[in-house]
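Asks: The structure follows.
Only the coordinates and a few stated rules stand behind these numbers; no lab work does. As the structure is a prediction and not an experimental result, all values here were calculated from the model. Counting neighbours? That spans all protein chains shown, and the Cβs are built from the backbone with ideal geometry, glycine included.
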Amino acid sequence: MSVVLTMNKYMIMKKLLFAVFTLLVCKVFFVAADPAPRTLFLYSQPDGTSIWIRECGDEYFHWEESEDGFVCTNSAKERIYIQVAYLLAHEDTIEREYGALRSIKDNYPKYVISMTPLVKRNNDEGIIHLGLREFLMNGL
C-alpha cells in the first residue's frame, strides 16, 4: 500500500513539475511586446523643414513612418522609396501610388510593388513598377 502511495505522489510531483516547466518555457518564448503608440508628432529636420512622423512596431522592432506611409531613416548612405498597392486597376489608384513618389525630388530609386496580374518590370518617369511575385523571387 505504501509503495502505491509513494508512486502516486511521485507521479503527481512529476506532472506538476512538468506543468510548471512548460509554463515557464511558454512565458519565455511567447512574451508579447507592447505596441508603439500610433500618434503623430512633429519632427524638425536639420535643414529646418518639419514633417509629421508616427512610430510603428513594438518595443523590440520599431521604425518611424511619415504621414503618407514612407519609412523614415537616418542613413544617408543608401535610400530607396517603395510604395505598395494591392492592385493598380483604376487611374485614381495609379495616380495615388505614383503621385506620392513623383513628389519626391531626389534621385534615389523609387519602386511601386503590386499584385497587378502579368506586370513586367517597367519604368515610368524613373519609378519602377514590379509585380509582387517578381519582387519575392528576384528582389529589387
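Asks: Gain in length, Glu95 to Thr22, computed as 0.36 nm per residue apart minus the alpha-carbon separation, to one decimal in nm?
Replies: Stretched fully, the Glu95-Thr22 segment lengthens by 20.9 nm.
Asks: Less than 11 Å Cβ to Cβ from Pro35, Lys/Arg counted +1 and Asp/Glu -1: what total charge do the surrounding residues give?
Replies: -3
Asks: Across the range 118-130, in residue order, what do the Karplus-derived ³J(HN,Hα) couplings come to in whole Hz, using 6.51 cos²θ - 1.76 cosθ + 1.60 with θ = phi - 60° and x for Gly and Pro?
Replies: 6, 7, 9, 5, 10, 10, 10, 6, x, 9, 8, 9, 10
Asks: Oh, and also: Order these by the 10 Å Cβ neighbour count, fewest first: Lys15, Lys110. Walk me through the numbers before you get to the answer.
Replies: Details: Lys15 10, Lys110 21.
Arranged by neighbour count, lowest to highest, Lys15, Lys110 become Lys15, Lys110.
Asks: Hey, another quick one. Over all directions, how big on average is the projection of the convex hull of the alpha-carbon atoms in the range 70-140, in square nanometres?
Replies: Here the figure is 5.0 nm², rounded to one decimal.
Asks: What ranking of Cys56, Cys72 emerges when the number of other C-beta atoms within 10 Å of each C-beta is taken as an exposure proxy, fewest first?
Replies: Working: Cys56 16, Cys72 13.
Sorted ascending by nearby Cβ count, the order is Cys72, Cys56.
Asks: From Cα pairs below 8 angstrom and at least 6 apart in sequence, can you work out the relative contact order of the chain, rounded to a whole percent?
Replies: For the chain, the relative contact order is 12 percent.
Asks: Follow-up question, since we're still on this one. What is the local net charge at Asn138, summed over the other residues whose Cβ is closer than 14 Å to its Cβ (Lys, Arg +1; Asp, Glu -1)?
Replies: Cβ neighbours under 14 Å give a net charge of +2.
Asks: In addition: On each of the three principal axes of the Cα atoms of the chain, give max minus min coordinate, whole Å, ordered largest first.
Replies: 88, 43, 29
Asks: May I pose another question? Can you say what percent of the DSSP beta bridges in the chain, counting only those with both residues inside, are antiparallel? Round to 5.
Replies: Counting only bridges with both partners in the chain, antiparallel ones make up about 60 percent.
Asks: For Leu132 and Asp106 in the same chain, what is the full-extension length gain: residue separation times 0.36 nm, less their Cα-Cα distance, in nm?
Replies: 6.9 nm
Asks: Under a 5 Å amide H to amide H cut-off, with H placed in plane at 1.01 Å, what residues pair with Val112 once short-range neighbours are removed?
Replies: Gln83, Ile128, His129, Leu130
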